[in-house]
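Scroll down for the structure; my scribbles are underneath it.
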Amino acid sequence: LDRPRALSGIQPTAGSFHLGNYLGAVRQYVALQETHDAFYMVVDLHAITIPQDPQELRANTRVAVAQLLAAGLDPDRCTLFVQSHVPEHAQLAWVMNCLTGFGEASRMTQFKDKSTKQGADRTTVGLFTYPVLQVADILLYQASQVPVGEDQRQHIELTRDLAERFNSRFGHAFTVPSAHIVKETGKIYDLQDPSIKMSKSASTPKGIISLLDEPKVSAKKIKSAVTDLETVVRFDEESKPGVSNLLTIYATLTGVSIAELERKYEGKGYGALKTDLADVMLDWVAPFRARTQEYLDDPETLDNILAKGAEKARTVAAETLALAYDKVGL
Ligand code: ADP
Ligand code: NA
């Protein structure tokens, strides 16, 4: 296989993915499995950087895998695994920690936001080095493309910096990766506050669509999305962020262009747009939820997929780790 490599990871923390995760990241995972030698993992080691309930984490990790399969990942066309099943992640992370400046890590905006919210006493050192673990995740697979949402751009920049630093200090070991961010869907906004991104940590329940919620609940949230005082359905992210967000969601889920949607709703108000998008949402979420449940009801198949995935991932990861250890003198 001479295809370029892609890698990405998603946290199991919330149980359900949200619509931003799906449109910004998971949809791209599905697309890239056709063109890349793609590795996708549920990042349970990242999940323990904030307090976890062990049983819940174990269950949510499986729910995350089931959702990735329900979204269209095909274990015959990509490598799907759980991060902690491949010990090389933690091993390479240590090497990369020793190459990362304290000031450099301190400048990561996600860490600054999360640690400010939690307070210094509740913030773990694990949360501080989270981006460095992510660096190791990517470099282990020699990934050239990393499908992520816009919020991950700084972490991918750090990955590039550290790969280049390692390569020039110790000799070439790592592919320098690029972020694969789709402009249209790289940042899906909160439905109640379209000035912030939809996020499991910052959004209020009404502002976030959880894909495993009762479909009717999601439809209702679309109907009560915050828009603006105009009534014209027009894509304009600057002055009409709420409506533009709805148009992005609508266009991406249906494949209808935004220009066509603007024409379709000309002279109609936001009510028509929201009612139709609520239906689109229902039609998308209901089968997604059913497929997820089917995978969860078949634990043997899920176990087999993960065992095969971990084995494939380890073959690649072990080779890179051995090279990196050798280069640094271990
Ligand atoms: P969250 O940011 O809600 O905590 P994760 O950190 O688990 O979720 O993100 C998983 C993936 O989803 C990442 O690639 C991230 O960039 C992407 N993502 C998260 N929120 C959004 C959003 N609102 N719009 C687009 N992509 C997003
Ligand atoms: Na994120």
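Values in this text are rule-based calculations from the coordinates and carry no lab data. Values in this document were obtained by computation on a predicted structure and should not be read as measured data. Please note: Cβ atoms are built from the backbone with ideal geometry, for glycine as well, and neighbour counts cover all protein chains shown.
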Most exposed first, judged by fewest Cβ atoms within 10 angstrom, K197, K117 run K117, K197
Looking only at aspartates and glutamates whose Cα falls under 13 Å of K308's and that sit 8 or more positions away or on another chain, we get D74, D76, E300
Once the dipole of the stretch 1-130 is set up from charges on Cβ (+1 Lys and Arg, -1 Asp and Glu), the residue from the list P54, V42, S106 lying farthest towards its positive end is S106
Amide H neighbours of S178 at under 5 Å, excluding residues fewer than 5 places away on the same chain, with H built from the backbone geometry, are Q145, V146
Calculated from DSSP helices alone, with each H run of at least 4 adding -39500 (n - 2.57) and the total divided by the residues of the chain, [θ]222 nm to the nearest 500 comes to -17000 deg cm²/dmol
Assertion target for H85, H172, H155, ordered by fewest C-beta neighbours within 10 angstrom first, is H172, H85, H155
Fewest-first ordering of E238, E266, E150, E294 by Cβ atoms within 10 Å yields E238, E266, E294, E150
Cα convex hull volume per residue for the chain, in Å³, equals 138
Expected sort for 98-107, 9-18, 216-225 on mean C-beta neighbours within 10 Å, highest first, is 9-18, 216-225, 98-107
Counting only DSSP beta bridges with both partners in the chain, the antiparallel fraction in percent, to the nearest 5, comes to 20
Tilt, helix 109-118 to longest principal axis of the chain (alpha-carbon atoms), in degrees rounded to tens, equals 80
In whole angstrom, largest first, the equivalent ellipsoid semi-axes that the Cα gyration tensor gives for the stretch 234-279 are 14, 12, 11
Of the listed links K114/K200; K117/K183; K183/K220; K223/K264, those spanning more than 23 angstrom between alpha carbons are K117/K183; K183/K220
Note, Y189: beta-carbon cut-off 10 Å, +1 each Lys/Arg, -1 each Asp/Glu, net -1
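Treating the beta-carbon of each Lys and Arg as +1 and of each Asp and Glu as -1, no other charges, what is the dipole magnitude of the chain about its Cα centre, to the nearest 20 debye?
480
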For the chain, longest principal axis from Cα atoms; helix 153-170 axis from its Cα atoms; angle between them, nearest 10 degrees, is 20
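Among rounded, prolate and oblate, which fits the stretch 174-330 when a ≥ b ≥ c are the square roots of the eigenvalues of its C-alpha gyration tensor, a/c under 1.5 means rounded, and a/b larger than b/c means prolate? Show your work: numbers first, answer last.
On the way: a/c = 2.79, a/b = 1.79, b/c = 1.56.
It comes out prolate by the Cα gyration axes.
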Gyration tensor on Cα atoms of the stretch 253-330, a ≥ b ≥ c root eigenvalues, a/c under 1.5 rounded, else prolate if a/b beats b/c, else oblate, says oblate
Length gained if K117 through S239 is fully extended, taking 0.36 nm per residue and subtracting the Cα-Cα distance, is 41.0 nm
By the Cα gyration tensor axes a ≥ b ≥ c (a/c under 1.5 gives rounded; else a/b larger than b/c gives prolate, otherwise oblate), the shape of the stretch 31-92 is oblate
Once Lys and Arg are counted +1 and Asp and Glu -1 for all other residues with Cβ under 10 Å from that of N60, the total becomes -1
Mean projected area, convex hull of alpha-carbon positions in the stretch 69-152, reported to one decimal in nm², is 7.3
Using the Kirkwood radius over Cα pairs of the stretch 129-247, the Stokes-Einstein translational diffusion coefficient at 4 °C and 1.567 mPa s, in µm²/s and rounded to a whole number, is 78
Cβ-Cβ cut-off under 15 Å around L158, Lys and Arg +1, Asp and Glu -1: the net charge is -1
Relative to the chain, whose Cα atoms define the longest principal axis, helix 125-140 and its Cα axis are tilted in degrees, nearest 10, by 80
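Quick one: putting +1 on the C-beta of Lys and Arg, -1 on the C-beta of Asp and Glu, what dipole do you get for the stretch 127-218 around its Cα centre, in Debye to the nearest 20?
On the way: 10 positive and 11 negative charges, 23 e Å.
That gives a dipole near 120 debye.
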The simple spin-label model distance between I196 and C98, using points 7 Å out along Cα→Cβ, in nm, is 4.0
Relative contact order in percent for the chain (Cα pairs under 8 Å, 6+ apart) equals 23
